[in-house]
1. Out of all the residues in region 377-396, which are of a type outside the set (A, V, I, L, M, F, W, C) and either touching a Gly at 6+ places or on another chain (Cβ under 7 Å) or surrounded by fewer than 17 Cβ atoms within 10 Å (Cβ to Cβ) (or both)?
2. Evaluate the following for Ile269: is it in a helix (DSSP H, G or I), over 27 Å from Ser398 (Cβ atoms) and at pLDDT below 90?
3. Here is a list of conditions, (1) among the β-branched types (Val, Ile, Thr); (2) more than 15 Å from the chain's Cα centre (by Cα); (3) open to solvent by 10 Å² or more (accessible area, probe 1.4 Å), and Thr21 meets all of them except one; can you say which number that is?
4. Which of (1) out of contact with any helix residue (DSSP H, G or I) (no Cβ under 8 Å at 6 or more places or on another chain); (2) surrounded by 12 or more Cβ atoms within 10 Å (Cβ to Cβ) does Leu371 not meet, given it meets every other one?
5. Of these, Thr113, Thr72, Thr123, Thr95, which one is open to solvent by less than 10 Å² (accessible area, probe 1.4 Å) and under 23 Å from Ser229 (Cα atoms)?
6. Find the helices (runs of 4 or more DSSP H) located wholly in region 302-421 whose residues include 3 or more that are out of contact with any Leu (no Cβ under 9 Å at 6 or more places or on another chain) and over 29 Å from Ile196 (Cβ atoms), and list them.
7. Could you tell me how many of the residues in region 177-206 are part of a helix (DSSP H, G or I) and either without any contact (Cβ under 8 Å) to a residue 24 or more places away in the chain or within 24 Å of Lys367 (Cβ to Cβ) (or both)?
8. Criterion first (open to solvent by 50 Å² or more (accessible area, probe 1.4 Å), aliphatic (A, V, I, L, M) and modelled with pLDDT under 90) does Ile307 satisfy it?
Amino acid sequence: MVLGERLTQGYSLYQDVMDDTGPLSAGMFTAIHYLFGRNELVYDILGRLLVFSQVFYWNTILIRYRVFDENTYLPAIIMAALYHFSFDMMSLSPTLLGSTFLMLALGQLFSQTVLQKETSESTLLIGIYGGLATGFHLNFILFLPYIIFTGLLISGFSIRQLFLALVGFFLPILLILVFYFWNDGLEEALQIWPMIFSYEGYDYQPYLSWAVPGILPISLALAGFFVGSFLRGATINQQKQRQLIILWLIFSALVFLLVKRQASYQLLIFIPGLTYLITQFFLHFKTGMIARFSFVLLVLGLPIGGIAYWNSRVETDSRYFIHPVKDLSIPAGRSLMIMGNDASGYQETPLGGPFLNYHLSKSYLSKEKTLAQKAQIFQKITQQNPDFVLDKDGQFKSLLEELPALKEYYQEISPGVFSSK
């Protein structure tokens, strides 16, 4: 919301606002703010529409390409339940936007397991969907090796098909770079993009906080993997499809570990694979009492229990949930720039400076800078001129020492709080 609000004021991502959000997601958030303003309900509605479309699409793929021996809507029910693992999985986010296109690419890979002839259109779409996913969530570029690996070893890509997939993947990225070139922001974009993979990551939530709601779906998925591997027969096509899913889960784990913003909504990329494995379990043990009890617990217990569980974590996961900012009174209509972990101040006060993602900004500011880069930072701050700067970690104070000319613009009014003169 904060990013979309800032960009509607005429500023540009990477040039004027330092954040690791994908450019296509930033464009989406800008359009939402332009049409609806700060409206959390819109994000929830759009997020749920995307979730519904993913559930419908994935179940259709599993039926169309005969992934299981029987046509069933069981995967849709399971998948809908898994989205209730955490409250933030169904709200609009770069991960949800990007994973939608990754799922479309996965669907096209599934089509390659049953078609017996070379299909240029499907191969090109695999690449385009992967490129669009990267445009929404830059970390998804790590799925490019997945497309290449599975295309060559499982789907049997020819050199021509591989080239088509690569062209399709890089086409959206190239168009994004052309956009930044036209808007004189290519240099800044090329500076920020590599840093997205190298700056120090941070956890909004401890990993153990996911263990309580996650133990049931993970246990069912492991049981489904055992069933599919050892107890159920499979056609050659179904074996290829199983390999696609297992590799999908492996690459999802690699992407998740490399993502810098660690929060429960980043787990979205595991849902298609978990849905497949859990469905294997229920289709094999569908008449047993354990399977029936597990199904009720998953479909009803996970959503209901998840709501209660995450409500109990509001105070515990203080880095993730927004809390009122104490000891900071900012007059209405004034802007704020927060140099610290807690971004709660933006709930009531708009962003007024170039540094939105503090961890990315900290990494950028701590590097050795040329005279031109120092002048660029000075220009960004003085042009945007935030009315107040909340500097809990002393990063802005260090910047004032590095750029003494900024002292003419800002003064410290209380420990860790600066105001424009």
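1. As a first pass, look at region 377-396 and keep what is of a type outside the set (A, V, I, L, M, F, W, C): 379-380, 382-387, 391-395.
Of everything in region 377-396, those that are of a type outside the set (A, V, I, L, M, F, W, C) and either touching a Gly at 6+ places or on another chain (Cβ under 7 Å) or surrounded by fewer than 17 Cβ atoms within 10 Å (Cβ to Cβ) (or both) turn out to be Gln379, Thr382, Gln383, Gln384, Asn385, Pro386, Asp387, Asp391, Lys392, Asp393, Gly394.
2. The answer is no for Ile269.
3. For Thr21, the exception is condition (2).
4. Looking at each condition in turn, Leu371 falls short on (2).
5. After applying the criteria, what remains is Thr113.
6. On the way: elements: 302-312, 358-366, 371-384, 395-402.
Because the criterion is at least 3 residues that are out of contact with any Leu (no Cβ under 9 Å at 6 or more places or on another chain) and over 29 Å from Ile196 (Cβ atoms), the helices (runs of 4 or more DSSP H) in region 302-421 that meet it are 302-312.
7. Summing the residues that are part of a helix (DSSP H, G or I) and either without any contact (Cβ under 8 Å) to a residue 24 or more places away in the chain or within 24 Å of Lys367 (Cβ to Cβ) (or both) in region 177-206 gives 15.
8. Values: open to solvent by 50 Å² or more (accessible area, probe 1.4 Å): yes; aliphatic (A, V, I, L, M): yes; modelled with pLDDT under 90: yes.
Taking the combined requirement at face value, the residue satisfies it.
The values are calculated or read from the model by the stated rules, or taken from the named source; none is laboratory data. This one's a predicted model, so the numbers in the text were calculated from it and none came from an experiment. Note that each Cβ is placed from the backbone with ideal geometry, even for glycine, and that neighbours are counted across all protein chains shown. The area values use the complete protein model at the heavy-atom level, side chains included, leaving out ligands, DNA and RNA. Shrake-Rupley method; radii C 1.70, N 1.55, O 1.52, S 1.80 Å.
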